[in-house]
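Presented below is the structure to which this report refers.
The values are calculated or read from the model by the stated rules, or taken from the named source; none is laboratory data. Being a predicted model, the structure only gives us computed values, none of them experimental. Counting neighbours? That spans all protein chains shown, and the Cβs are built from the backbone with ideal geometry, glycine included.
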Amino acid sequence: MISTPFQTGGLNVTTLIFVRHGVTAENLNYTLIGHTDPPLHEFGVLQAKAVANALQNVSVDCLYSSPLKRCLQTASVIAERRRNLEINTCPALSEIHLGIVDGMSSFLAYDQYKSLMDAALDDSLSDFQFPSGESRSAALRRFQQGLDSLVAKHKEGTVCIVTHGGPLGLWLADYHGDPLGRFRHWQPHHASIARVTYRDRRFHVDTLDSTEHLSNGLMKPPSQPS
């Protein structure tokens, strides 16, 4: 159970508690899922329960989630522990749309679209977009706009946000001054927790990628889904 690292701030401070959703079978099978909408794998449900346990003594004023199932399920497990805490869906928190490869096996995608996949994996290429998909810069922009809206709406409150590795990685890369092509290096683990405060008109990353609540065999998912 986590207490102090994720407690709320004070006067003129808005606290954001970020949670990356638990794993899906598609994550375990190396499927590219952006707006593809699978549910959590049973291991991901266990991870979500561990998150809920970790946050059970943390005061939360409101709960926001990406509208995709893997986040909504994670948020639902968190909300079950709290009376009168509703889940608010926010499209700005959604994963990056991967266009023509969304929902495709990464191996098949590499076989059919090698040049595109090479570009997508090139850290030095800051912006990138699969055909019919969303560019990194556009995904970062709508995610940032979503966060700006939440801190304006919930001044001095504590907001729990269940979202995805893509937008979190982009946001953290930008926060640390890295090219957006390095967003994968900043993606937190599934079911990890981070604490960000908004104060003095700036966002401050206070804790990042906390996984101590996953120490009992929940950090590394099984090699194959059941």
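Data table
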quantity: Matching option when the condition is farther than 19 Å from GLY169 by Cα and either without any contact (Cβ under 8 Å) to a residue 40 or more places away in the chain or touching a Pro at 6+ places or on another chain (Cβ under 6 Å) (or both), among ALA75, ALA25, ALA54; calculated: ALA25
quantity: Strands (runs of 3 or more DSSP E) within region 109-226 that include 1 or more residues without any contact (Cβ under 8 Å) to a residue 40 or more places away in the chain; calculated: 202-210
quantity: Selected residue (criterion: surrounded by the fewest Cβ atoms within 10 Å (Cβ to Cβ)) from residues of region 25-38 that are within 17 Å of ILE96 (Cα to Cα) and out of contact with any Leu (no Cβ under 6 Å at 6 or more places or on another chain); calculated: TYR30
quantity: Residue, farthest from GLY166 (Cα to Cα), within region 42-98, restricted to residues that are hydroxyl-bearing (Ser, Thr, Tyr) and not in a loop (DSSP other than H, G, I, E, B); calculated: SER76
quantity: Hey, GLN144 touching a Gly at 6+ places or on another chain (Cβ under 7 Å) and either of a type in the set (A, V, I, L, M) or surrounded by 14 or more Cβ atoms within 10 Å (Cβ to Cβ) (or both) or not; calculated: no
quantity: Matching option when the condition is surrounded by 14 or more Cβ atoms within 10 Å (Cβ to Cβ), at positive phi and modelled with pLDDT of 95 or more, among ASP209, ASP178; calculated: ASP209
